[in-house]
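Below: the structure, in C-alpha coordinates.
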Amino acid sequence: MGKEKIQSNKSKSLVSGLSILKTPAKGADDLFHISFKHLDKTQGQSFHEWETEGLLADALITLHNYSHSSIQSQLNDKFTCYGDFPPPAKTDFTHPRHVPDDAKWARIHVNGKQVIAGHIFKNTFYIVFLDRDHRFWISEKKHPQQHRAICF
(Lines give C-alpha, C1' and ligand atoms only; values in the text may rest on other atoms or scores of the structure.)
Protein backbone atom coordinates (compact mmCIF):
# COMPACT_ATOMS: atom_id res chain seq x y z
CA MET A 1 0.00 0.00 0.00
CA GLY A 2 2.82 2.40 0.81
CA LYS A 3 4.41 1.68 -2.56
CA GLU A 4 1.14 2.47 -4.39
CA LYS A 5 0.92 5.81 -2.60
CA ILE A 6 4.48 6.75 -3.64
CA GLN A 7 3.76 5.84 -7.30
CA SER A 8 0.53 7.83 -7.16
CA ASN A 9 2.37 10.91 -5.85
CA LYS A 10 5.02 10.54 -8.57
CA SER A 11 2.32 10.32 -11.22
CA LYS A 12 0.62 13.44 -9.88
CA SER A 13 3.86 15.42 -9.86
CA LEU A 14 4.67 14.25 -13.39
CA VAL A 15 1.23 15.29 -14.63
CA SER A 16 1.42 18.68 -12.92
CA GLY A 17 4.92 19.14 -14.33
CA LEU A 18 3.63 18.47 -17.84
CA SER A 19 0.83 20.99 -17.47
CA ILE A 20 3.44 23.62 -16.60
CA LEU A 21 5.21 22.85 -19.90
CA LYS A 22 1.97 23.44 -21.82
CA THR A 23 1.43 26.88 -20.28
CA PRO A 24 3.45 29.54 -22.12
CA ALA A 25 5.32 32.08 -20.06
CA LYS A 26 3.70 35.48 -19.75
CA GLY A 27 4.53 37.47 -22.88
CA ALA A 28 5.89 34.41 -24.73
CA ASP A 29 3.41 34.95 -27.57
CA ASP A 30 5.04 38.31 -28.27
CA LEU A 31 8.50 36.81 -28.73
CA PHE A 32 10.14 36.10 -32.08
CA HIS A 33 9.18 32.65 -33.37
CA ILE A 34 10.49 30.77 -36.38
CA SER A 35 8.77 28.27 -38.62
CA PHE A 36 10.06 25.97 -41.33
CA LYS A 37 6.54 25.39 -42.70
CA HIS A 38 7.27 27.29 -45.92
CA LEU A 39 10.88 26.17 -46.44
CA ASP A 40 11.58 25.84 -50.17
CA LYS A 41 14.04 23.01 -50.79
CA THR A 42 14.22 23.70 -54.54
CA GLN A 43 15.92 27.12 -54.33
CA GLY A 44 18.93 28.33 -52.38
CA GLN A 45 20.97 25.84 -50.42
CA SER A 46 20.11 22.91 -48.19
CA PHE A 47 20.81 22.50 -44.49
CA HIS A 48 23.47 19.94 -45.43
CA GLU A 49 25.26 22.46 -47.65
CA TRP A 50 25.18 25.08 -44.92
CA GLU A 51 26.46 22.52 -42.41
CA THR A 52 29.32 21.48 -44.73
CA GLU A 53 30.26 25.14 -45.27
CA GLY A 54 30.16 25.91 -41.55
CA LEU A 55 27.14 28.23 -41.85
CA LEU A 56 24.40 26.20 -40.17
CA ALA A 57 25.64 26.68 -36.60
CA ASP A 58 25.98 30.43 -37.20
CA ALA A 59 22.42 30.53 -38.57
CA LEU A 60 21.05 28.71 -35.53
CA ILE A 61 22.93 30.97 -33.13
CA THR A 62 21.60 34.02 -34.97
CA LEU A 63 18.02 32.73 -34.79
CA HIS A 64 18.46 31.82 -31.13
CA ASN A 65 19.63 35.36 -30.37
CA TYR A 66 16.50 36.79 -32.02
CA SER A 67 14.21 34.51 -29.99
CA HIS A 68 14.49 36.58 -26.80
CA SER A 69 12.60 39.68 -27.97
CA SER A 70 9.63 40.62 -30.08
CA ILE A 71 10.05 40.45 -33.83
CA GLN A 72 9.06 44.12 -34.23
CA SER A 73 11.75 45.35 -31.84
CA GLN A 74 14.53 43.67 -33.81
CA LEU A 75 14.11 45.10 -37.29
CA ASN A 76 17.47 46.69 -38.11
CA ASP A 77 20.26 46.50 -40.70
CA LYS A 78 20.70 42.78 -40.08
CA PHE A 79 16.97 41.99 -40.02
CA THR A 80 15.18 43.89 -42.77
CA CYS A 81 11.59 43.74 -43.93
CA TYR A 82 11.20 44.24 -47.68
CA GLY A 83 7.43 43.87 -47.87
CA ASP A 84 6.80 42.57 -51.38
CA PHE A 85 8.74 39.78 -53.07
CA PRO A 86 11.67 41.27 -55.02
CA PRO A 87 11.08 42.15 -58.68
CA PRO A 88 12.55 39.64 -61.18
CA ALA A 89 15.46 41.95 -62.07
CA LYS A 90 16.53 42.05 -58.39
CA THR A 91 16.41 38.33 -57.50
CA ASP A 92 17.57 34.90 -58.59
CA PHE A 93 14.61 33.34 -56.75
CA THR A 94 10.98 32.83 -57.71
CA HIS A 95 8.01 33.23 -55.39
CA PRO A 96 7.16 29.69 -54.23
CA ARG A 97 3.57 28.60 -54.87
CA HIS A 98 3.16 27.39 -51.27
CA VAL A 99 3.87 30.87 -49.83
CA PRO A 100 0.92 33.30 -49.69
CA ASP A 101 0.97 36.00 -52.39
CA ASP A 102 0.56 38.74 -49.78
CA ALA A 103 3.49 37.56 -47.65
CA LYS A 104 5.66 40.30 -46.10
CA TRP A 105 9.17 39.28 -47.17
CA ALA A 106 12.22 39.85 -45.00
CA ARG A 107 15.77 38.64 -44.52
CA ILE A 108 18.15 38.07 -41.64
CA HIS A 109 21.89 38.41 -42.16
CA VAL A 110 23.74 35.48 -40.66
CA ASN A 111 27.39 36.11 -41.39
CA GLY A 112 28.96 38.16 -44.16
CA LYS A 113 26.65 38.00 -47.17
CA GLN A 114 24.79 34.87 -46.05
CA VAL A 115 21.10 35.47 -45.30
CA ILE A 116 18.00 33.59 -44.32
CA ALA A 117 15.12 34.87 -46.46
CA GLY A 118 11.52 34.38 -45.55
CA HIS A 119 8.37 36.19 -44.60
CA ILE A 120 6.82 37.59 -41.46
CA PHE A 121 3.33 36.98 -40.16
CA LYS A 122 2.51 38.42 -36.74
CA ASN A 123 5.41 37.34 -34.51
CA THR A 124 6.63 34.48 -36.71
CA PHE A 125 9.44 34.50 -39.24
CA TYR A 126 8.80 31.77 -41.80
CA ILE A 127 12.12 30.59 -43.20
CA VAL A 128 11.79 30.06 -46.96
CA PHE A 129 15.34 30.22 -48.39
CA LEU A 130 18.88 29.67 -47.18
CA ASP A 131 20.77 32.17 -49.33
CA ARG A 132 24.54 31.81 -49.08
CA ASP A 133 25.28 34.39 -51.79
CA HIS A 134 22.69 37.09 -50.95
CA ARG A 135 20.81 36.57 -54.22
CA PHE A 136 17.32 36.91 -52.74
CA TRP A 137 17.35 40.69 -53.03
CA ILE A 138 20.33 41.69 -55.16
CA SER A 139 21.56 45.15 -54.26
CA GLU A 140 24.66 47.20 -54.97
CA LYS A 141 24.57 48.77 -51.52
CA LYS A 142 26.03 46.93 -48.57
CA HIS A 143 23.04 47.82 -46.34
CA PRO A 144 20.09 48.68 -48.58
CA GLN A 145 17.96 51.06 -46.52
CA GLN A 146 15.60 51.84 -49.41
CA HIS A 147 13.95 48.39 -49.19
CA ARG A 148 12.54 48.77 -45.70
CA ALA A 149 8.81 48.27 -45.53
CA ILE A 150 6.16 48.08 -42.89
CA CYS A 151 5.51 44.41 -42.16
CA PHE A 152 3.04 44.72 -39.32
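The values are calculated or read from the model by the stated rules, or taken from the named source; none is laboratory data. The model shown is predicted, which means the values in this text are computed figures rather than measured ones. FYI the Cβ positions are ideal-geometry reconstructions off the backbone, even for glycines, and counts take in every protein chain you see. To get the accessible areas, we keep the full protein, side chains included, count just its heavy atoms, and leave off ligands, DNA and RNA. Shrake-Rupley method; radii C 1.70, N 1.55, O 1.52, S 1.80 Å.
Some notes on this structure:
- For I61: the one exception among (1) open to solvent by less than 90 Å² (accessible area, probe 1.4 Å); (2) within 12 Å of the chain's Cα centre (by Cα); (3) closer than 21 Å to F47 by Cβ: (1)
- Options S46, S69, S73: the member that is surrounded by fewer than 14 Cβ atoms within 10 Å (Cβ to Cβ) and under 15 Å from D131 (Cα atoms): S46
- Between S35, S67, the distinction of being out of contact with any helix residue (DSSP H, G or I) (no Cβ under 6 Å at 6 or more places or on another chain), at pLDDT below 95 and under 15 Å from I127 (Cβ atoms) belongs to S67 only.
- Within segment 74-92, residues that are in a loop (DSSP other than H, G, I, E, B) sit with their Cβ atoms under 9 Å from residues that are open to solvent by less than 60 Å² (accessible area, probe 1.4 Å) and at pLDDT below 90, at 6+ positions apart or across chains, in these pairs: L75/C151; D84/A149; P86/H147.
- Within the span defined as segment 91-111, every residue fails to be on the phi > 0 side of the Ramachandran plot and open to solvent by 20 Å² or more (accessible area, probe 1.4 Å).
- Unique match (being modelled with pLDDT of 95 or more and touching a Pro at 6+ places or on another chain (Cβ under 7 Å)) among V115, V128: V128
- Selection of segment 6-29 for residues being open to solvent by 100 Å² or more (accessible area, probe 1.4 Å) and either under 30 Å from K122 (Cβ atoms) or at pLDDT 50 or above (or both) yields I20, L21, K22, K26, D29.
- Residues of segment 102-132 satisfying the condition of being out of contact with any helix residue (DSSP H, G or I) (no Cβ under 6 Å at 6 or more places or on another chain) and over 15 Å from S35 (Cβ atoms): D102, R107, H109, G112, K113, Q114, V115, D131, R132
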